[in-house]
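Working notes for the structure below.
The values are calculated or read from the model by the stated rules, or taken from the named source; none is laboratory data. Just so it is clear, the model here is predicted, and its values are computed rather than measured. With ideal geometry, Cβ positions are generated from the backbone for all residues, glycine too; neighbour counts draw on all protein chains shown.
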Amino acid sequence: MNYAEEANRCRRCGMCHAVCPLYKAERREQFVARGKVRLTKISEEGRIELEDRAKTTLYNCLDCRACMEVCPAGVNVSRLVKGMRKKIYDKHGDNLLMNVALEHLTSYPKRMELARKFLKLYQTTGLSSLVQLVPSLKEKEKILPAIPKRSFRNELKARDVRPGKKGKVAYFISCTTDILYPQVGEAVLEVLEACGYEIYPMNDGTCCGVPQVGYGHVERAKEMALQNMRSVPDDIGYILNDCATCGSALKEYPELFEGTEHEELAQNFAKRVMDISEFLIKHTELPTGEKLGIQVTYHDPCHLNRAQNVKQEPRDIIAHSGSELIEMENSGQCCGGAGTFGITHFDLSQKLLKQKVGNIKATGAEAVVTGCPACRMQIAFGLKSYYKDIPVYHPVELIARSIREKGM
Ligand code: SF4
Ligand code: SF4
């Protein structure tokens, strides 16, 4: 992408101000798309250096894409921001912690498993209570959910593969499903098997590359993307995932490889990628289980409803499980989680989270449903902090439960 040309498309109309959650919270031009586009423009013209102030502006973005939905000029703010972050990383590098995490941890399954075990020990030995004594970490520390005894990959290894009458579908296992929410992976398996599909677990622990792209480590993200793309045989028609952010990243691999020798491979891969809710509603005959009869509300993850245009399918899944959906106000407004934003910009993130929890509370629902593990983690934390500890589910967990309750 030519960043200068893209930035020049901005008409400075200000329509993005009305929808940007950060601008609405802070009323600062640097937080809104127009401010970031202007920064890109003057940086590309060589009028400023991408130093600390520019970095603050570019990292004050949720990649929620609400601005892109209303922008009359069609400016791709997401790509501009990520592109500028890459330039900052290429010029200044990153700190030690981020270098370790992004270059040497998230794409190595054995290291991720070690990290999971460490986090489990951290929570069970009381070390977490000690960390909570540090004022700056007291609240942030509580965002992490209870670490499960086993990762989803370990559960999967202990399980027999059941051949499906309808053939195989590839399943991209996100890091968060693997180490934080294995029950979602279990639900995906149960439901796909009930629909007649055999799972082809892909990516052997390689991350989708979103954290790397988000922090400008694009070359590392490309290596991981190539590993993922090459891990799926050509004769598998669907590449499914249960994480809104991973799904959008996989669908955007062609952008990563634009103008390179791998562009065609990326396009061929991306057109087969589908969110699990989309697949279950559009391409399968979902078995009807027991009616759950619970009242739920649904939070639209930014990377599912705007990045992938998947809005109705999770709602159809909720209805199919015999649950009642009570829509919340502003279901598509970012919860403030946005990857690591909830940690790195804790106070600002909490402002958005409080609004989200207020909207959930107003519905009186007994559970929240969402298709993104990062939103799940953030919302679960918000519910405990500002309302009450009601459960948060992935849509596919409702279907799995209704099937289980009917003994299917
Ligand atoms: S809505 Fe688009 S064109 Fe208008 S100011 Fe924002 S980025 Fe520029
Ligand atoms: S992506 Fe979201 S947070 Fe970033 S500028 Fe656009 S509306 Fe604001």
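Looking at Ile317 and the list (1) surrounded by fewer than 24 Cβ atoms within 10 Å (Cβ to Cβ); (2) in contact with a Leu (Cβ under 7 Å, 6 or more places away or on another chain), which single condition is not satisfied?
Unmet condition: (1).
Given the options Lys354, Lys406, Lys361, name the one that is out of contact with any His (no Cβ under 6 Å at 6 or more places or on another chain), at pLDDT below 95 and charged (D, E, K, R).
On the way: Lys354 fails: at pLDDT below 95; Lys361 fails: at pLDDT below 95.
Every option except Lys406 fails the conditions.
Determine which single condition Thr106 fails, assuming it passes every other condition in (1) assigned to a loop (DSSP other than H, G, I, E, B); (2) more than 20 Å from the chain's Cα centre (by Cα); (3) under 20 Å from Ala338 (Cα atoms).
Condition not satisfied by Thr106: (2).
Of the residues that sit in segment 27-54 and are farther than 16 Å from Asn8 by Cβ and either crowded, with 21+ Cβ neighbours inside 10 Å or among the small types (Gly, Ala, Ser) (or both), which one is farthest from ligand 1 (Cβ to nearest atom)?
The residue in question is Ala54.
Quickly run through segment 73-115 and pick out the residues that are of a type in the set (D, E, K, R), touching a helix residue (DSSP H, G or I) at 6+ places or on another chain (Cβ under 6 Å) and without any contact (Cβ under 8 Å) to a residue 24 or more places away in the chain.
None - no residue of segment 73-115 is of a type in the set (D, E, K, R), touching a helix residue (DSSP H, G or I) at 6+ places or on another chain (Cβ under 6 Å) and without any contact (Cβ under 8 Å) to a residue 24 or more places away in the chain, so the list stays empty.
Take segment 95-123 and flag every residue that is at pLDDT 85 or above and among the acidic types (Asp, Glu).
Answer for segment 95-123, where residues must be at pLDDT 85 or above and among the acidic types (Asp, Glu): just Glu103.
Can you work out which of the residues in segment 219-258 that are assigned to a loop (DSSP other than H, G, I, E, B) and among the hydrophobic types (A, V, I, L, M, F, W, C) is surrounded by the fewest Cβ atoms within 10 Å (Cβ to Cβ)? Before you say what the answer is, go through the steps one by one.
If we filter segment 219-258 for residues that are assigned to a loop (DSSP other than H, G, I, E, B), which is where we start, we get 231-238, 242-243, 252, 257-258.
Retained after the next criterion (residues that are among the hydrophobic types (A, V, I, L, M, F, W, C)): 232, 236, 243, 257.
Working: Val232: 19, Ile236: 14, Cys243: 31, Phe257: 20.
Residue satisfying both the conditions and the ranking: Ile236.
If a residue has to be on the phi > 0 side of the Ramachandran plot and at pLDDT 90 or above to count, how many in segment 64-94 make the cut? Steps first, please.
Initially, segment 64-94 is screened for residues on the phi > 0 side of the Ramachandran plot, giving 65, 74, 93.
Still in the list and also at pLDDT 90 or above: 65, 74.
Qualifying residue count, segment 64-94: 2.
Which helices (runs of 4 or more DSSP H) does segment 124-207 wholly contain that include 1 or more residues that are more than 16 Å from Met112 (Cα to Cα), at pLDDT 90 or above and small (Gly, Ala, Ser)?
Output list reads 182-194.
Condition check: among the hydrophobic types (A, V, I, L, M, F, W, C), modelled with pLDDT under 85 and touching a His at 6+ places or on another chain (Cβ under 9 Å). Does Leu50 satisfy that?
yes
When only residues in segment 145-182 that are surrounded by 17 or more Cβ atoms within 10 Å (Cβ to Cβ) and aliphatic (A, V, I, L, M) count, which is nearest to Gly196 (Cα to Cα)?
Val169
Hey, can you tell me all the residues within segment 326-349 that are without any contact (Cβ under 8 Å) to a residue 40 or more places away in the chain and either at negative phi or touching a strand residue (DSSP E or B) at 6+ places or on another chain (Cβ under 7 Å) (or both)?
Ile326, Glu327, Met328, Glu329, Ser331, Asp347, Ser349
From the residues in segment 55-101 that are within 15 Å of ligand 1 (Cβ to nearest atom), assigned to a helix (DSSP H, G or I) and aliphatic (A, V, I, L, M), which one is surrounded by the most Cβ atoms within 10 Å (Cβ to Cβ)?
It comes out as Val77.
Do we have any residue at all in segment 99-112 that's within 11 Å of ligand 2 (Cβ to nearest atom) and not aromatic (Phe, Trp, Tyr)?
no
Counting only residues that are surrounded by fewer than 17 Cβ atoms within 10 Å (Cβ to Cβ) and touching a Lys or Arg at 6+ places or on another chain (Cβ under 7 Å), which one in segment 333-351 is modelled with the highest pLDDT?
The residue in question is Phe346.
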